[in-house]
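The values are calculated or read from the model by the stated rules, or taken from the named source; none is laboratory data. From a predicted model like this one, the values you see are computed outputs, not experimental measurements. Note that each Cβ is placed from the backbone with ideal geometry, even for glycine, and that neighbours are counted across all protein chains shown.
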Amino acid sequence: PIVFDDDKNSLSVSYFYHLFQTCAYTIMAVLIMRLKLFLTPQLCLLTSLVMNKHFWPSEYSNYPQEQMMLWINDNTHNESIFSGIMPTMANLKLSTRRPIVLHPHYEHAKIRRRVKLMYSMFSRKPLKRIYQILKNYNVTYYVYERHWCTIENRPLGCSFPEMYDLDDIENRRNELTCKQLERQSMPYFKPVFNYDYITIYQVM
């Protein structure tokens, strides 16, 4: 290998060779301007070595979402409609081509109202009301991520439940809808997939 020795997981001799070679070409280019023609390709080579994945690991991985996408592709129809948190829905649309009811790239009054309705899973409304909302939009599956259903470990006033408490005074003292879902989802929602923090519920 050019940069790393796989057995010892350490910098190889060739890397140091290219580093010293670059220093030598730099000195030559400073002393004699025409010799910069040696330095330029050497700098390109050194840059490619420095940007090696061992120095800059940049691969994105979200294994629970990957498992979810595989399950959706294998177990749902192409016309199945999904709802959930917008970032996840964007990934779902890209990876599975399934229809979604929310997308972060679209912004107008109608979409804002729809977002508020779909995110009401994190309010304190009765679970039956959320079921009715999803049925009105012909949602087949709801992707639930339980780490959004919390007030703890978030800045004061920045969690979804707190924001809905300001708007939905009537239900302010009720149990969180997402907790109702976790405790007893039937007869409105049937869990069909669960991995780590993600659960997919079929809207009955």
Condition met for Asn62 (surrounded by 12 or more Cβ atoms within 10 Å (Cβ to Cβ), in contact with a strand residue (DSSP E or B) (Cβ under 9 Å, 6 or more places away or on another chain) and modelled with pLDDT under 90): no
Residue in the stretch 72-81 that is under 12 Å from the mean Cα position of the chain (by Cα), over 15 Å from Val192 (Cβ atoms) and either surrounded by 13 or more Cβ atoms within 10 Å (Cβ to Cβ) or not hydroxyl-bearing (Ser, Thr, Tyr) (or both) present: no
Residue identified as of a type in the set (Asp, Glu) and touching a strand residue (DSSP E or B) at 6+ places or on another chain (Cβ under 8 Å) among Glu175, Glu145: Glu145
Which listed residue, of Met68, Met86, is under 18 Å from Thr199 (Cα atoms), within 19 Å of the chain's Cα centre (by Cα) and without any contact (Cβ under 8 Å) to a residue 40 or more places away in the chain: Met86
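Matching residues to (1) basic (Lys, Arg); (2) more than 27 Å from Gln67 (Cα to Cα); (3) free of Cβ contacts under 8 Å to residues at least 24 places away in the same chain:
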| position | (1), (2), (3) |
| --- | --- |
| Ser95 | no, no, no |
| Ser123 | no, yes, no |
| Lys135 | yes, no, no |
| Thr177 | no, no, no |
